[in-house]
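This report refers to the structure that appears directly beneath it.
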Amino acid sequence: MDNYTLSNGVQIPVIGFGTWQMPNDETGVNAVLSALEAGYRHIDTAQGYGNEQAVGKALRLSGIPRNEVFITSKLDNTNHSYELTMSSFAQTLENLGTDYLDLFLIHWPNPLNFRSHWQSANAETWKAFEELYNAGKIRAIGISNFRQHHINELLKTAQIPPQVNQIRLCPGETQPELVSFCKQHGILLEAYSPLGTGQIFSVPEIISLSEKYNTTPARLCIRWSIQNGWLPLPKSVNPERIKQNLDVFSFTISPEDCQTIADLTDCAGHSLDPDTTPW
Ligand code: A2P
């Protein structure tokens, strides 16, 4: 699979396998195993998903060498401090059965527990991220669900700028200002819910364009995400669909059709405002 190159030179496969809502049991293990067997080499989990152990088990069962799979996890919303980052990171490594992570993200910029002082909590947390990065325990560090004001605040004290921002990007939610801000700062955009958590399958324009390209709505949206320079993280628990979703390198969407998709509005849901969510 092709790679993107992060601002620190680390290579990251252009499609990742998303595991949000994937159970920490045999179903989860089998989904990740199917993904690895289908050719995914990039798995995206999180402390908050509660399924790091299933991801780790699938990795071991696959027999694929650790250094051939890019693994991301994310710091839970309850862990925004130096000490809690350090201790929960150690637990994440143990859950995954590995001694390093490829990418670690702050999952949420402004969790309820730290809302009165999110700026200092993030600064302190980032210091721990930088220490782990400098110690070689994490190959790249980043953020998720951060908007411009959260990034600007982090950059005031960061020694190492974030290399990734993982946000919700799909037809109907393209966040153009945030995307261009991240690009200006050399931050790669990862797209979660690239299929709008399944809502793109009932969008008439997506259905007709997928017929035009003789492909599926899922592949069309994953391909469109890559042509935007984003890194899509589609998820599925169905082995056949997991495999199909990777088959997006044999066609190219024309610039006009990319624009048609970009112009869709309110068709596949929206992200929540990180400053007002009740968690
Ligand atoms: P399933 O797990 O049954 O395949 P997103 O990645 O935007 O969060 O979307 C995930 C949703 O899209 C899941 O409900 C998943 O269901 C569904 N999905 C993923 N790939 C496909 C596909 N190729 N065809 C139909 N549905 C899909």
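Using 0.36 nm per residue of separation minus the Cα-Cα distance, give me the extension gain between Glu37 and Thr5 in nm, one decimal.
Extending this stretch completely gives an extra 9.1 nm.
Arranged from highest to lowest average of other beta-carbon atoms within 10 Å per residue, in what order do the peptides 81-94, 103-116 appear?
Packing proxy ranking, top to bottom: 103-116, 81-94.
How fast does the chain diffuse by Stokes-Einstein, in µm²/s, taking the Kirkwood radius from C-alpha pairs at 10 °C and 1.306 mPa s?
Reported coefficient: 84 µm²/s.
Work out the charge dipole of the chain with +1 on the Cβ of Lys and Arg and -1 on the Cβ of Asp and Glu about the Cα centre, then indicate which of Val69, His150, Phe181 is farthest towards its positive end.
So the residue we want is Val69.
Compute the helix-to-body angle for 217-227: its Cα long axis versus the longest principal axis of the chain, expressed 0 to 90° and rounded to tens.
It is inclined by approximately 60 degrees.
Going by average Cβ neighbours within 10 Å, how do the peptides 141-151, 173-183 rank, with the highest at the top?
Ranking the peptides 141-151, 173-183 by packing returns 141-151, 173-183.
Say a paramagnetic label sat at a point 7 Å from the Cα of Lys183, along Cα to Cβ; which residues of the range 225-239 have their backbone N under 18 Å from it?
225-232
Out of Leu101, Ser236, Phe251, whose Cα points farthest toward the positive end of the dipole of the chain (charges: +1 Lys, Arg; -1 Asp, Glu; placed on Cβ)?
The residue sitting most towards the positive pole is Leu101.
Sort out for me the Cα centre separation of the range 37-116 from the range 212-239, rounded to whole Å.
Computed from Cα coordinates, the inter-centre distance equals 24 Å.
With each pseudo-label sitting 7 Å past Cα toward Cβ, what's the Asn214-Glu94 distance in nm, one decimal?
5.4 nm
Ranked highest first by the average count of other Cβ atoms within 10 Å around their residues, in what order do 257-264, 153-160 fall?
In decreasing order of mean packing, 257-264, 153-160 become 257-264, 153-160.
Report, in degrees rounded to the nearest 10, the 0 to 90 angle that the Cα long axis of helix 26-38 makes with the longest principal axis of the chain.
60 degrees
So, in nm, how far is label Ile207 from label Ile64 when the simple model puts each one 7 Å beyond its Cα toward the Cβ?
3.4 nm
In debye, nearest 20, what is the charge dipole magnitude of the chain about its Cα centre with +1 on Lys and Arg Cβ and -1 on Asp and Glu Cβ, if you could check?
Using only the charged Cβ atoms, the result is roughly 320 debye.
Every read-out reported here was derived from the displayed coordinates using simple, explicitly stated rules and does not represent laboratory data. Quick caveat, the model's predicted, so the values are computed rather than measured. Note that each Cβ is placed from the backbone with ideal geometry, even for glycine, and that neighbours are counted across all protein chains shown.
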